[in-house]
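Read the structure below first, then the notes.
The values are calculated or read from the model by the stated rules, or taken from the named source; none is laboratory data. As the structure is a prediction and not an experimental result, all values here were calculated from the model. Here Cβ is always computed from backbone atoms with ideal geometry, including for glycine, and neighbour counts include all displayed protein chains. All accessible areas refer to the heavy atoms of the entire protein, side chains included, with ligands and DNA or RNA removed. Shrake-Rupley method; radii C 1.70, N 1.55, O 1.52, S 1.80 Å.
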Amino acid sequence: MTTPPGASAQARWALLAGNFVIGCGVMVVAGTLNDLARSLEVSVALAGQLIALGAVVMGVGAPLLANWVAGFDRRRLLALTLAWYGAGHALSALMPDYASLAPVRALCMLGAAVFTPQAAAAIGHMSPPEQRGRAITFVFLGWSVASVAGMPMAAWIGETFGWRSAFATVAVLGFVAAGWVYAAVPDGVKPAALSRAAWREALTQPALMAIVIVTALQSAGQFTLFSYFAPYYRQTLDASPAQISAIFFWFGLFGLLGNVLLTRHIDRFGAARCVSLTLVLITMSLLAWPLAGSLAAMAVVLVPWALGCFSTNSAQQARLGLAAPALAPALMALNTSAIYLGQAVGAASGGVLVASSGFTWLSPVGVLWMLVAIALSAWATRRMRAAR
């Protein structure tokens, strides 16, 4: 994996590592869902609402906190955010029941609401315009690496040692990443704060807001089913803990490959075209999901989804950053908010479906979300071309 030129290599790798930890923490609930439900004596559907709860906090917090932290030096802000995230996961691991875990989880996820958009804005600020898209997608590779290592790690630790051990592992990673970011990111990185007029401009441009809504729609489509991977594999495919971990690793491996390919080729093919491709890949897997009656078949079905899963968020961030560089901090905060709010809607609606009718309707509902996202993305592309 090569790093893009521009900002220092140490800073880029540190921010990538920070996104890796954020991704591990976001996905730790999905990876440990079986043991969470069993240990806390709640249903899988209720345990899955922790995903929705965290996503709501991140979705609402990202744009609200973006303005508040605008004047902070990014070196200190990002390091403190990761330290908060680590402490939140450590405290979560100590909670005795679901009722006490839920609010701690919510507060912990404020760290994710700040780190991901501010890391993207910081690396964009440190990179020259012609390298900005590649730099932003590079630090987003951390999410893909989390899917390769973090999700399988969480699933294996959760199934073997319990969910508390998985949360504690994320806590340790958070503290390590905080130190790395503080050591690697230079002082004085302060993207310009946006005025109310700039926020108003961002919110009132239909094409830009359509791109943000595309992020929410595709995120909802994915998390309707993604949130319940672990119980689905166990209950429907009779997978063992080792097999569940292996299938998460398989998914993450192709997720990383998809993001690496995106990082190398996005500046050549264009962000909008890359987004369209990733959305189609995800939809293909959702359509084929009911046909996967074995782990081997499931491994095949997951490949297109994995290739598009994390790369679509990276492409969307780059798409917005390139479309309106002056509004990038606001747009990236809004886009990060859309990612998480989409996750909340998907996880919550998926939980309702699982509680009422099992896993049957998860993939069809996911497909509907994705089709709307594809149509709206195409409209936004046409609108942006017309404006130019």
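Here is how the numbers come out for the structure above:
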| read-out | value |
| --- | --- |
| One residue from A90, A55 being of a type outside the set (V, I, T) and buried (at least 22 other Cβ atoms within 10 Å of the Cβ) | A55 |
| Of all residues making up the range 176-199, the number that are outside any loop (DSSP other than H, G, I, E, B), exposed (fewer than 13 other Cβ atoms within 10 Å of the Cβ) and modelled with pLDDT under 85 | 2 |
| Those residues of the range 255-272 which are surrounded by fewer than 20 Cβ atoms within 10 Å (Cβ to Cβ) and β-branched (V, I, T), in sequence order | V260 |
| Residue list for the range 362-382, restricted to those being closer than 16 Å to T283 by Cβ and open to solvent by 20 Å² or more (accessible area, probe 1.4 Å) | P364, V365, L368, W369, L371, V372, I374, A375, L376, A378 |
| Any hit, the range 136-156, residues being farther than 25 Å from S314 by Cβ and open to solvent by 20 Å² or more (accessible area, probe 1.4 Å) | yes |
| Scope the range 200-221; condition open to solvent by less than 60 Å² (accessible area, probe 1.4 Å) and not polar (S, T, N, Q); matching residues | A202, A207, L208, M209, A210, I211, V212, V214, A216, L217, A220, G221 |
| Residue among V29, V42 that is hydrophobic (A, V, I, L, M, F, W, C) and crowded, with 21+ Cβ neighbours inside 10 Å | V29 |
| Flag if L36 is in a helix (DSSP H, G or I), open to solvent by 10 Å² or more (accessible area, probe 1.4 Å), at pLDDT 90 or above and within 22 Å of F248 (Cβ to Cβ) | no |
| Matching residues in the range 161-175 - criterion: being in a helix (DSSP H, G or I) and open to solvent by 10 Å² or more (accessible area, probe 1.4 Å) | R164, S165, A168, T169, V172, L173, F175 |
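Table: residues versus (1) touching a strand residue (DSSP E or B) at 6+ places or on another chain (Cβ under 7 Å); (2) closer than 23 Å to I136 by Cβ; (3) at pLDDT 95 or above; (4) surrounded by 23 or more Cβ atoms within 10 Å (Cβ to Cβ).
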{"position": "S227", "(1), (2), (3), (4)": "no, no, no, yes"}
{"position": "Q243", "(1), (2), (3), (4)": "no, no, no, no"}
{"position": "I247", "(1), (2), (3), (4)": "no, no, no, no"}
{"position": "L253", "(1), (2), (3), (4)": "no, yes, no, no"}
{"position": "C274", "(1), (2), (3), (4)": "no, yes, no, yes"}
{"position": "I282", "(1), (2), (3), (4)": "no, yes, yes, yes"}
{"position": "P290", "(1), (2), (3), (4)": "no, no, no, no"}
{"position": "A299", "(1), (2), (3), (4)": "no, no, yes, no"}
{"position": "C309", "(1), (2), (3), (4)": "no, yes, no, yes"}
